[in-house]
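Just so it is clear, none of the values below were taken in a lab; they were calculated from the coordinates. From a predicted model like this one, the values you see are computed outputs, not experimental measurements. Quick reminder, even Gly has a Cβ in these numbers, built from the backbone with ideal geometry, and neighbours come from all protein chains shown.
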Amino acid sequence: MLRGIRGVKHGMKFSIKMNGETSKIRWEKYDAKGWTEKGAHKYGRLNERSWWEKWGEHYDGRGSVLKWTDKWAETELGTKWGDKWEEKFFAAIGSRQGETWHASLSGERWSRTWGEEHFGNGKVHKYGKSTTGESWDIVVDEETYY
């Protein structure tokens, strides 16, 4: 731990790892009051294939949490896909939302978006739709975790 201004303890961890055609950057930042930020960015390429994955978490030290991820890839045939989501919570009340998609070299596309609203009382509103016509909009009994 490092000694900071006015004796507040804080710290940071940071690492970079490169291996041929891939790299990974990872970090953690924190303070004595519970504030924390964590994350990673990973990238890779081999011939005509490439990808990335990014994620992060943020805790404010007072109960609020933000988490997210973003993934993307492309194959040697030109097919691409991605997936991302985000969640925000405080005291079991919050939301999650995301999107998954796929695109072929011929231009054919598919995607699905979704979301959840957590009310903090055991009820969760779930909704979403896709390009194939599926859709949902329901309220279920479900515990909240984050």
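Remark: segment 12-141 carries a charge dipole of roughly 440 debye about the Cα centre, counting +1 on each Lys and Arg Cβ and -1 on each Asp and Glu Cβ. Taking a ≥ b ≥ c as the square roots of the eigenvalues of the alpha carbon gyration tensor, the chain is oblate, as a/c is not under 1.5 and a/b does not beat b/c. Mean separation of Cα pairs under 8 Å and 6 or more residues apart, divided by the residue count, gives the chain a relative contact order of 11 percent. Between I25 and D141, the simple label model (points 7 Å from Cα in the Cβ direction) yields a spacing of 4.8 nm.
Straightening the chain between K13 and Q97 buys 27.3 nm, computed as 0.36 nm per residue apart minus the Cα-Cα spacing.
Given their separation in residues at 0.36 nm each and the Cα-Cα distance between them, Y127 and E86 gain 13.3 nm when the chain is fully extended.
For each pair in K33/K67; K29/K123; K33/K54; K67/K123; K13/K80, compute the distance between the two Cα atoms and list the pairs where it is over 23 Å. Those over the limit are K29/K123; K33/K54; K13/K80.
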